[in-house]
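One structure below.
The values are calculated or read from the model by the stated rules, or taken from the named source; none is laboratory data. Keep in mind that what you see is a predicted model, and the values were worked out from it rather than measured. Don't worry about glycine lacking a Cβ; one is built from the backbone with ideal geometry, like all the others, and counts go over all protein chains shown. With ligands, DNA and RNA removed, areas are computed over all heavy atoms of the protein, side chains included. Shrake-Rupley method; radii C 1.70, N 1.55, O 1.52, S 1.80 Å.
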Amino acid sequence: MAIYITRDFQRAAEVITFVGREIHAHGWSAAASSNYSLRLNSECCAITTPGKDKGKLAPRDIMVVDLDGHPITPQTPSPETLLHTSLYQHNPQIGAVLHTHSKTATLLSRLLKGQMLLLEGYELLKAFAGITTHETVLRVPIFENSQEIDKLSFRITQYLQQAPQTYGYLIRGHGLYTWGKDMAEARRHLEAFEFLLDCELEMLKINR
Ligand SMILES: [Zn+2]
C-alpha cells in the first residue's frame, strides 16, 4: 500500500512543514535539531527525517514510520523516532508530538538537580487541555539524557503509565517533548511550556 502518496500523508507533511518552520523561527530548534510528528492512523505517523535545517523544512523532509519506529517510506528515521511512536502507542488520543531543543529547556533541565519540575500559580497553565485554573500543579518529569533511546523510551512509558495527566517531559541538557490530540493542541502546549520554562529560568536567576 503506497500510503506515503496518499492525500493524508501529503496534508500531514504540509502541516509539519508549516509548524516546523514556525518553531524554528522561535529559536527552539537550532542547528537541524528537533523532530515533529503527526499521527496518520492507528498504525503509523508522519515524522521529520533527521539532520534537516528546520528553518528550510519541506514536505520532502517528512517520512512515514509505523508505531514501532520502523520506516514505511524509503528514508532513514531519526534515532529519536521511538520517543514519538511510543507516545502514540501509549495513548491513542495523542495525535501530534513536538520535540524541541530550546536554550531554555536545555539550561533549565541542567540547573535543576531533581527529577521533577513543578509548574504552579501561572495563569498560562490554562493553555493545557483540561486545566481551568491557575491553582494547578503541573508536574514535568526530567529524565536523564541517553543515547540508548529504547531504554529511555521504556523509562518514559513506565512513568506515563502511572502518571497519565502528563503534558510533556524534559530530557536533561537536551530538550522538551510535548504532545496534543492534534497539531494545533500540541503547538499550543509547546508554546505554553516554552513560556513557562522561560519564567522558571528567570525566577531561578532572580532568586540566586
Ligand atoms: Zn532531541
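Here's a check for you: in segment 137-184, which residue that is within 16 Å of the ligand (Cβ to nearest atom) and in a loop (DSSP other than H, G, I, E, B) is farthest from Gly27 (Cα to Cα)?
Once the filter is applied, the top-ranked residue is Glu148.
I'm told Ala46 meets every condition in (1) touching a helix residue (DSSP H, G or I) at 6+ places or on another chain (Cβ under 6 Å); (2) over 23 Å from Asn91 (Cα atoms); (3) not in a helix (DSSP H, G or I) except one. Can you identify the failing condition by its number?
(2)
Give segment 16-43 a look and list any residue that's among the small types (Gly, Ala, Ser) and assigned to a strand (DSSP E or B), or say none.
At the first step, the residues of segment 16-43 found to be among the small types (Gly, Ala, Ser) are 20, 25, 27, 29-34, 37, 42.
Result: Ser37, single match.
Go through (1) open to solvent by 10 Å² or more (accessible area, probe 1.4 Å); (2) more than 15 Å from the ligand (Cβ to nearest atom); (3) over 30 Å from Leu201 (Cβ atoms) for Met116 and report which single condition fails.
(3)
Need the failing condition index for Ala13 against (1) part of a helix (DSSP H, G or I); (2) under 22 Å from Ser102 (Cα atoms); (3) among the aliphatic types (A, V, I, L, M), just the number.
(2)
Just the residues that are at pLDDT 95 or above, in a loop (DSSP other than H, G, I, E, B) and open to solvent by less than 50 Å² (accessible area, probe 1.4 Å), please, taken from segment 49-77.
Across segment 49-77, the qualifying residues are Thr49, Leu57, Ala58, Leu67, Gly69, Pro77.
Quick one: would you say Leu87 is in contact with a strand residue (DSSP E or B) (Cβ under 7 Å, 6 or more places away or on another chain), over 21 Å from Gly51 (Cα atoms), of a type in the set (A, V, I, L, M) and assigned to a strand (DSSP E or B)?
Criteria not met by Leu87.
Determine if segment 90-106 includes at least one residue that is part of a loop (DSSP other than H, G, I, E, B) and over 17 Å from the mean Cα position of the chain (by Cα).
The answer is no; no qualifying residue exists.
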